[in-house]
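Quick notes on the structure that follows.
The numbers here are math on the coordinates, done by the rules we state, and not lab data. The structure presented is a predicted model; accordingly, all values stated were derived computationally and were not measured. Glycine also receives a Cβ, built like all others from the backbone with ideal geometry; neighbour counts cover every protein chain displayed.
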Amino acid sequence: MKLRASLPDSVIGVPDPLCLLTVHAHPDDEASKGAGTVARYQAAGVHTVLVCCTGGEEGEVLNPELDTPEVHARIAELRRDELARAAEIIGYDEVVMLGYRDSGMAGAASNANPASFAQAPFDEAVERLVAVVRRTRPQVMVVYGDEQSGYPHPDHLRVHEIGVAAFEVAGDPGRYPAAGVPWQPAKLYYTVFSAARFQEIHEKFVELGLESPFDDEWRKRWEGIPLEPVTTSVDISDFADVRREALLAHATQVDPNSRFWFGLPPEVMRELHPHDDYRLARVAEADGSIAVHPAVGATDGGRETDLFAGVHHADQAGR
């Protein structure tokens with residue numbers, strides 16, 4: 001049974017249906033990043049759109065029970081099926097495949113595959129995403145941020161590059177005219193990788209006398225990752241289990257016995273971090289310009305609690 005959620009006061013009275021568009025690199029990324037947020041907004045009546053840029057063909061089979069030649073031979077098909085199940089669990093109303101091949105980890109030979117996302121012509125990839133933006137007309141877009149030193153996957157870096165570019169030009173009638181009627185989203189957010197969150201999880205393992213998956217090498221990596229500013233924290237306490245359930249839907253990609261994902265009891269995880277964090281990166285101004293947000297907090301001096309805060313109308317047509 002899906003929970004119902006009420007719309008925040010900041011978006012009551014918006015005349016057109018609200019739309020949230022998130023851009024992810026591979027099947028399973030939509031489950032690990034912001035799944036509770038999407039579930040909350042979809043339960044409140046917001047139209048939710050997932051753009052998955054690749055088919056995840058290079059993803060490892062991390063579930064020992066499925067690590068067979070037959071599974072490897074069908075990995076692209078299986079990952080599409082897993083994505084469909086996970087998207088249904090989360091509550092995405094629409095899934096759009098951008099049509100590129102998984103580039104694999106940094107330095108892999110698959111990075112050079114001409115069909116890979118890493119090798120895609122920049123303008124081609126941006127135009128494909130702009131076409132989705134113009135058709136679905138989101139007020140809010142979510143992409144990956146500019147700080148990815150902890151996990152510099154070529155496809156994640158590419159999501160950031162084309163996501164920012166698409167946000168900035170989707171409302172400009174002079175750019176990509178074949179991609180549809182211009183539409184300018186109001187706000188662009190980055191997902192936030194929080195080393196502090198992983199530290200909290202590690203400390204909870206220790207407190208409960210459980211073996212932590214975060215060893216010394218992991219913790220050294222955290223120390224070298226710059227602290228990202230968080231401008232927005234979305235309460236997902238009523239949807240905290242969605243992430244776990246969606247991850248388990250990725251049966252080839254996620255080991256159901258993984259201590260990293262599932263080492264703490266669900267009831268502990270619900271209390272440990274009952275919110276998703278974001279950084280507001282770009283805002284569309286009334287004059288049609290795009291402002292780079294300073295990332296120092298919400299306009300009232302504190303953190304936002306709603307991705308749609310300040311969205312008062314749906315007229316975001318071309319500049």
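On a C-alpha basis, how far is the centre of segment 158-181 from the centre of segment 223-250 in Å? Whole number, if you could?
27 Å
Between Asp287 and Glu203, what length comes free when the chain is fully extended (0.36 nm per residue of separation minus the Cα-Cα distance, one decimal in nm)?
Value of the extension gain: 25.4 nm.
Calculate the FRET efficiency for Val181 and Ser237 from the Cβ-Cβ distance with a Förster distance of 41 Å, rounded to the nearest 0.05.
It comes out at approximately 0.60.
Per-residue ellipticity at 222 nm for the chain, helices alone: DSSP H runs ≥ 4 residues times -39500 (n - 2.57), over residue total, nearest 500 deg cm²/dmol?
Dividing the helical sum by the residues of the chain leaves -9500 deg cm²/dmol.
Apply 1/(1 + (r/R0)^6) to the Cβ-Cβ distance of Asp123 and Ala196, taking R0 = 41 Å, and write down the FRET efficiency to the nearest 0.05.
0.65
Trp218 to Asp172: FRET efficiency via 1/(1 + (r/R0)^6), r the Cβ-Cβ distance, R0 45 Å, to the nearest 0.05?
Efficiency computed from Cβ-Cβ geometry: 0.55.
May I ask you to evaluate 6.51 cos²θ - 1.76 cosθ + 1.60, the Karplus curve with θ = phi - 60°, for each residue of segment 231-237 and list the ³J(HN,Hα) values in order in whole Hz, giving x for glycine and proline?
Per-residue couplings from phi come out as 9, 9, 10, 9, 5, 10, 4 Hz.
So how far apart, in nm, are the two label points at Thr305 and Leu210 if each is 7 Å from Cα heading toward Cβ?
2.8 nm
Under a GNM of the chain (C-alpha, springs under 10 Å), which listed residue has the highest mean-square fluctuation: Pro154, Pro64, Pro265?
Ranking Pro154, Pro64, Pro265 by mean-square fluctuation puts Pro265 first.
What ranking, highest mean first, results for peptides 143-150, 25-32, 68-75, 155-162 when packing means the other Cβ atoms within 10 Å averaged over each residue?
Working: 143-150: 17.5, 25-32: 25.4, 68-75: 12.1, 155-162: 22.1.
My ranking of the peptides, most packed first, is 25-32, 155-162, 143-150, 68-75.
Count the DSSP beta bridges whose two residues both fall in the chain, then state the antiparallel fraction as a percent rounded to the nearest 5.
40 percent
How much length is gained on full extension from Gln148 to Ser258, taking 0.36 nm per residue of separation minus their Cα-Cα distance?
Difference between extended and current length: 37.2 nm.
Hey, rough spin-label estimate for His72 and Met105, points 7 angstrom out along Cα→Cβ, what's it come to in nanometres?
Once both label points are built, they end up 1.6 nm from each other.
Quick test of the membrane-span-like rule: which DSSP H helices of the chain reach at least 15 Å along their long axis (C-alpha atoms) with mean Kyte hydropathy at least -1.0?
On the way: long enough: 75-90 (22 Å, 0.05); 122-136 (21 Å, 0.15); 154-169 (23 Å, 0.24); 195-207 (18 Å, -0.59).
Those that pass (Cα extent of 15 Å or more, hydropathy at least -1.0) are 75-90, 122-136, 154-169, 195-207.
Please check: in the Gaussian network model of the chain (C-alpha springs, under 10 Å), which one of Leu188, Leu66, Leu129 has the largest mean-square fluctuation.
Leu66
Can you quote the Å³ per residue value for the convex hull of the Cα atoms in the chain, rounded to an integer?
Convex hull volume per residue, Cα atoms: 137 Å³.
With labels modelled as points extended 7 Å from the Cα through the Cβ direction, what inter-label distance (nm, one decimal) is found for Glu94 paired with Arg135?
0.7 nm
Where a Cα-Cα gap under 15 Å defines reach, which aspartates and glutamates qualify for Lys204, not counting those fewer than 8 residues away within the same chain?
Leaving aside aspartates and glutamates fewer than 8 places away in the same chain, those within reach of Lys204 are Asp215, Glu267, Glu271.
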